[in-house]
Amino acid sequence: MPSNYKRDWAVEHPKSSKRERRGVTQVQETSLPTAATAATADTDEDADEDTAVMCTYDSNNHTTFFTQRVIPSVMSSYLRAGSQFVGTQVSKSQKHAVNVEIKYVDMANYFLCGYFRIQGLDGANTDLTTYFEGEIIGPKYSFYTRRPEWGAKEKTDLTHWGRFPPWRHIQKQAMDPDYVHEDFDKLDHIYMRWKECFLVPEEQTIQASYAGFYYICFNQVEGKINGLYYHDSAVKFQELSLSPVDGPLCFQSFEFA
């Protein structure tokens with residue numbers, strides 16, 4: 001607990017016998033002075049106000065409830081650490097089984113990472129597992145890739161995004177190089193780019209390439225993922241189709257206001 005932590009009791013009751021019958025008291029308490037807080041009392045005064053937590057206590061000094069809304073660290077019920085998705089990646093006449101496990105999601109920094117497992121990509125009936133990192137399209141990342149090392153030009157971006165039907169509703173705005181995709185987490189669909197970084201384990205020797213990346217359209221309502229793999233030397237428009245897997249680490253979240 002930080003030394004400048006302060007609790008502010010926000011419930012006031014009229015001065016009547018009802019207060020005694022309810023057993024509720026009004027208390028105001030601040031952090032105890034320490035050497036650290038004494039030295040920074042002036043500079044931390046404003047910080048105290050920002051870190052105030054609103055709650056009420058009963059007559060036995062037990063917490064009854066918090067009045068301050070708690071912001072969840074993960075916005076989507078499906079896109080969260082531990083979520084798993086299964087499906088296929090289709091390339092011409094070839095179809096490969098795919099399993100994706102999300103290991104970490106940071107909506108505030110528009111980032112996620114996990115493991116991507118695909119079967120038979122190297123021509124054999126074996127699993128190939130890679131670690132990938134994802135950019136979530138929002139205020140930080142544009143619909144334009146803007147990573148020369150990934151090989152995607154602006155026309156490449158627009159062609160791939162345009163194959164996702166939901167994206168066509170925002171196509172006119174998104175084509176603007178200065179467009180900022182605000183409130184992305186409040187929409188039915190979240191757009192991302194997934195880039196495979198290395199093999200797991202790294203010592204493997206394979207005949208297949210994972211040098212490209214995926215354009216991703218994620219349906220927050222149904223938890224389904226549609227993607228398109230891109231690399232300048234790969235078969236065009238390889239389609240990724242995934243559905244969520246229910247399990248002990250994959251569950252919906254609820255927030256009570």
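Scan the range 174-230 for residues that are closer than 15 Å to SER142 by Cα and free of Cβ contacts under 8 Å to residues at least 12 places away in the same chain and jot them down.
ASP176, ASP178, ASP183
Do we find a residue being modelled with pLDDT of 95 or more, over 21 Å from PRO244 (Cβ atoms) and not acidic (Asp, Glu) anywhere in the range 121-138?
yes
Among the residues of the range 151-197, write down those that are exposed (fewer than 14 other Cβ atoms within 10 Å of the Cβ) and at positive phi.
ASP183
What pairs come up if the first residue lies in the range 73-84 and is under 14 Å from TYR110 (Cβ atoms), the second is modelled with pLDDT under 70, and their beta carbons are under 8 Å apart, counting only those six or more places apart or on different chains?
VAL74/SER253
Would you confirm whether or not the range 70-77 contains a residue that is closer than 24 Å to VAL200 by Cβ, at pLDDT 70 or above and within 26 Å of the chain's Cα centre (by Cα)?
No, the conditions are met nowhere in the range 70-77.
Being part of a helix (DSSP H, G or I) and at pLDDT 95 or above is the filter; apply it to the range 173-201 and report the residue that is nearest to ARG147 (Cα to Cα).
Checking each candidate, the answer is ALA174.
Name the residue, out of TYR214, TYR210, that is at pLDDT 95 or above, assigned by TED's automatic domain parsing to the domain that holds GLU135 and of a type in the set (Ser, Thr, Tyr).
TYR214
Conditions: (1) within 20 Å of LEU79 (Cα to Cα); (2) buried (at least 16 other Cβ atoms within 10 Å of the Cβ); (3) of a type in the set (Gly, Ala, Ser). ALA108 meets all but one. Number of the miss?
The one condition ALA108 does not meet is (2).
Please enumerate the residues belonging to the range 208-236 that are buried (at least 16 other Cβ atoms within 10 Å of the Cβ) and among the aliphatic types (A, V, I, L, M).
Correct list: ILE216, ILE225, LEU228.
Can you name the residue in the range 160-188 that is touching a strand residue (DSSP E or B) at 6+ places or on another chain (Cβ under 7 Å) and not hydrophobic (A, V, I, L, M, F, W, C) and is also nearest to PHE218 (Cα to Cα) among such residues? Break it down stepwise before answering.
Restricting attention to the range 160-188, the residues satisfying the condition of being touching a strand residue (DSSP E or B) at 6+ places or on another chain (Cβ under 7 Å) are 160-161, 163-164, 166-167, 181, 184, 188.
Next, from what is left, pick out any that are not hydrophobic (A, V, I, L, M, F, W, C): 160, 163, 166, 181, 188.
Numbers: HIS160: 14, ARG163: 14, PRO166: 10, HIS181: 15, ASP188: 8 Å.
My answer is ASP188.
The values are calculated or read from the model by the stated rules, or taken from the named source; none is laboratory data. Keep in mind the model is a prediction, meaning the values are calculated, not measured. Every residue, glycine as well, gets a Cβ built from its backbone with ideal geometry; the counts of neighbours run over all protein chains shown.
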